[in-house]
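The values are calculated or read from the model by the stated rules, or taken from the named source; none is laboratory data. Not measured: the values here are computed from a predicted model. Don't worry about glycine lacking a Cβ; one is built from the backbone with ideal geometry, like all the others, and counts go over all protein chains shown. The protein model used for the area step is the full one, side chains on, heavy atoms only, and it has no ligands, DNA or RNA in it. Shrake-Rupley method; radii C 1.70, N 1.55, O 1.52, S 1.80 Å.
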Amino acid sequence: MLMRLSTFLLLFNCLNSFAQTNNYQNLLDTAIGGHGSLFLYSKPLKVTRLDIKELWFYFENAREYSNQKLDTVMFSQIIQNSLVADTTLWSDNELPKFILINDRAATVSKRYVVEKFKLTDKKQIKYFTKYVNKFNTTDISDRVICYYSRPIFDNTKTFAIVQWDNGHSYLGGGGGIMLYQQQSDKTWKEHCVILNWRY
């Protein structure tokens, strides 16, 4: 009986851990993408644009975008949690659909891209080779690279924010802080824009 119970607990913990990992991956997939670049900086952004004194502004912004009143406590928790956010480098496993860049001036290796995306088709290899060559020959200050923070959650882990930026040359691009909400099926959905800016 004890053996059966310990096996059940082990299985439950594994499934729970898998579900949490799956939920986190779903949030990353939802939040990271659609900002116009396949190239991502491998060091996550530190969220520095949130200010507890602007709490009411965030609340009003969220209400304007979503037509929904959200709890100011949730915003307060996210701001507090942003002070100790994780900034460990992104891994290829976390972001399988993007090319990670360690340095703005770095040259992207064609081999890295072929291996990462498991490219075998000649047309695909040719397409990505052209794409990488174009990036490598673009002036460093004009390269479009997206930067993202890791998700920062409220204490219930029902809401999360992600900050992004794609500014280059201080002439084009911009960024923002997006709020995401976990749905009843444990997937994540973009709720609203908390803050955005243009360069």
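Structure values in brief
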read-out: Amide proton proximity set for G167, modelled H, under 5 Å, gap of 5+; value: G174
read-out: Calculated FRET value between N136 and S91, using beta carbons and R₀ = 25 Å, to 0.05; value: 0.65
read-out: For the stretch 47-132, projected area of the alpha-carbon convex hull averaged over all directions, nm²; value: 8.9
read-out: Other-chain or far-sequence residues with amide H under 5 Å of W188's (modelled H); value: Q183
read-out: In the stretch 139-199, trypsin sites (Lys or Arg not before Pro) in a DSSP loop with at most 14 other beta-carbon atoms within 10 Å; value: K157, K186
read-out: Most mobile listed residue (L38, L100, L179) in the chain, GNM with C-alpha springs under 10 Å; value: L38
read-out: Potential lengthening between T107 and T129 on full extension [0.36 nm per residue; Cα-Cα distance subtracted]; value: 6.7 nm
read-out: Taking only Cα atoms of the chain, radius of gyration then Dmax in Å; value: 19.7, 68
read-out: Under the Karplus curve 6.51 cos²θ - 1.76 cosθ + 1.60, θ = phi - 60°, whole-Hz ³J(HN,Hα) for the stretch 81-90, x wherever Gly or Pro sits; value: 5, 5, 5, 10, 5, 6, 10, 5, 4, 5
read-out: Per-residue ³J(HN,Hα) for the stretch 117-129, Karplus 6.51 cos²θ - 1.76 cosθ + 1.60, θ = phi - 60°, Hz, x for Gly and Pro; value: 8, 6, 7, 10, 6, 4, 5, 5, 4, 5, 4, 5, 4
read-out: Rounded accessible area of K116 (nearest 10 Å², 1.4 Å probe); value: 40
read-out: L83 accessible area, assembled protein chains, probe 1.4 Å, Å²; value: 120
read-out: Nearest-10 value in Å² for the accessible area of D86, using the 1.4 Å probe; value: 80
read-out: Cut-off under 5 Å, modelled amide H: who pairs with I194 long-range; value: I177, M178, L179
read-out: Spacing of the two label points (7 Å from each Cα toward its C-beta) at N81 and D121, in nm; value: 3.9
read-out: The stretch 30-88-the stretch 123-137 distance, computed between alpha-carbon centres (Å); value: 34
